[in-house]
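To start, the structure under review is shown below, and the notes come after it.
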Amino acid sequence: MFRKYKLLALIAITVLSSFTFLFIADWEISKGYTIHFDGKYAKGSFSDLSGLITFDPENPGAASFDVSVKVASIETGNDLKNKHAKSDKWFDAEHFPEIRFTSSKVTRIDSAYMVIGMLELRGIKKEIAIPFTFKPEGGGSHFYGKFKVNRGDFGIGKTNGNDSDSTMVEVSVPVMSKN
């Protein structure tokens, strides 16, 4: 009799444990996402994002973000500005073709989340925090965040001694579950 209960308990634990792993999803970045930026000297968007996002809204501590964007996909609405932004004076797309973010921690804050990690631009890494929301939509979901980046921290453009020249970055990423 005891052996029967022990076997049932083992089966129940195994089944319940497997549900924990089923809800942690790997998310594939869909087409149509936007990364907008708006700074003192330029505004525009990037259009080539890739990477892996592992996220479960009920277990943010198990989440991870490893995403990058191709610098060459910058669009300011002005061909001369695009060329200048890709040059060695700004992003230096030839030597640093990607901007990359890798998370180290994700937490829940009220009805939203905060991801902390390393942002790498022009070979320089700085820790940043990005508040974001996660909303299920139809067959997929949507990550949305907004944060500021100080371009002087990454050696981007001349700051004329003003290291507080920051740019607002808005990220809107639709995703589909890979699980």
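The values are calculated or read from the model by the stated rules, or taken from the named source; none is laboratory data. Because the structure is a prediction, the values reported are computed rather than measured. Counting neighbours? That spans all protein chains shown, and the Cβs are built from the backbone with ideal geometry, glycine included. Only protein heavy atoms, including side chains, enter the accessible area calculation; ligands, DNA and RNA are left aside. Shrake-Rupley method; radii C 1.70, N 1.55, O 1.52, S 1.80 Å.
Of the residues 108, 100, 151, which single one is open to solvent by less than 30 Å² (accessible area, probe 1.4 Å) and among the charged types (D, E, K, R)? Walk me through how you get there before you give the answer.
Details: 108 fails: open to solvent by less than 30 Å² (accessible area, probe 1.4 Å); 100 fails: open to solvent by less than 30 Å² (accessible area, probe 1.4 Å).
When all the criteria are applied, what remains is 151.
Could you identify the single residue in 146, 105 that is touching an Asp or Glu at 6+ places or on another chain (Cβ under 7 Å) and closer than 23 Å to residue 28 by Cα?
Only one candidate passes the filter, namely 146.
When the residues of the range 155-164 are filtered to those that are at pLDDT 70 or above and under 18 Å from residue 76 (Cβ atoms), which remaining residue is surrounded by the most Cβ atoms within 10 Å (Cβ to Cβ)?
Restricting to residues being at pLDDT 70 or above and under 18 Å from residue 76 (Cβ atoms), the top hit is 156.
Which pairs do you get when a residue that is surrounded by 18 or more Cβ atoms within 10 Å (Cβ to Cβ), found in the range 25-40, comes within reach of a residue that is of a type in the set (Gly, Ala, Ser) and part of a loop (DSSP other than H, G, I, E, B), reach meaning Cβ atoms under 8 angstrom, with the pair 6+ apart or on two chains?
35/47
Looking at the range 87-110, can you tell me whether even one residue there is without any contact (Cβ under 8 Å) to a residue 12 or more places away in the chain and among the β-branched types (Val, Ile, Thr)?
No, the range 87-110 contains no residue that is without any contact (Cβ under 8 Å) to a residue 12 or more places away in the chain and among the β-branched types (Val, Ile, Thr).
How many residues are in a strand (DSSP E or B), of a type outside the set (S, T, N, Q) and open to solvent by less than 40 Å² (accessible area, probe 1.4 Å) when one looks only at the range 44-79?
8
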